[in-house]
Amino acid sequence: MRQEFVAHCTPPQLGSSVCLITVRLRCTSAMATKKEGGVPALGWWLMAVGTVRLAFTWSCFFGSAALCSATYPQAQVSDVHGRTVGVWTLLSCTLCFICAFNLGSRPIYAATFLSLVYAYGHFLVEYLVFHTVRAANLAALGFFAVTAMVWMLLQWNSHAPRAAANKQP
């Protein structure tokens, strides 16, 4: 995604010493220039996953870690632990939204995919080794994470910008 900042200064009006500055942000990306237009289905799914993660983050920060405690029912979850999980989840939520609008960016795509793998891997370890997560919670988390991971694997290179076949140097 390429961003271009354009600033324009209008001379001050008579009797005023303030210069009016207009700033515009122009964004161009593979998504914005696609002929079909719109966000692909995978992008919408990543936004749904990001929204669920945002709700989880909100609960960890402002819900006295209630949802965090429900996710880890066999463990003591302090407010600090809840906020730490909230920040971690907010980061992965941000990656989901950024990736949804930049599916052609391989580094962002890979980082988002790995955030899903790491997060679900964490919950698998908590379930299998430490027994702090219940199977029902693991399944609910897996519905979003595993669906996104499989979908992203199936479409790994399908959103990458294609080089022109007859590109001349």
note = Scanning the stretch 69-88 residue by residue, the ones that are assigned to a helix (DSSP H, G or I), open to solvent by 80 Å² or more (accessible area, probe 1.4 Å) and either more than 13 Å from His122 (Cβ to Cβ) or modelled with pLDDT under 85 (or both) total 4
Total residues in the stretch 128-137, condition of a type outside the set (A, V, I, L, M) and open to solvent by less than 80 Å² (accessible area, probe 1.4 Å) = 2
inquiry  = Looking only at the stretch 89-127, count every residue that is open to solvent by 60 Å² or more (accessible area, probe 1.4 Å), over 15 Å from Trp156 (Cα atoms) and out of contact with any helix residue (DSSP H, G or I) (no Cβ under 8 Å at 6 or more places or on another chain) and tell me the total.
reply    = 2
remark   = Ala41 passes all but one of the listed conditions (1) closer than 22 Å to Val117 by Cβ; (2) touching a Ser or Thr at 6+ places or on another chain (Cβ under 8 Å); the exception is number (2)
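The values are calculated or read from the model by the stated rules, or taken from the named source; none is laboratory data. On a predicted model such as this, the values are computed, not experimentally measured, just so you know. Positions of Cβ are generated from backbone atoms using ideal geometry, with glycine treated the same way; all protein chains shown enter the neighbour counts. For the accessible areas, the whole protein counts, side chains as well, though only heavy atoms, and no ligand, DNA or RNA atoms are used. Shrake-Rupley method; radii C 1.70, N 1.55, O 1.52, S 1.80 Å.
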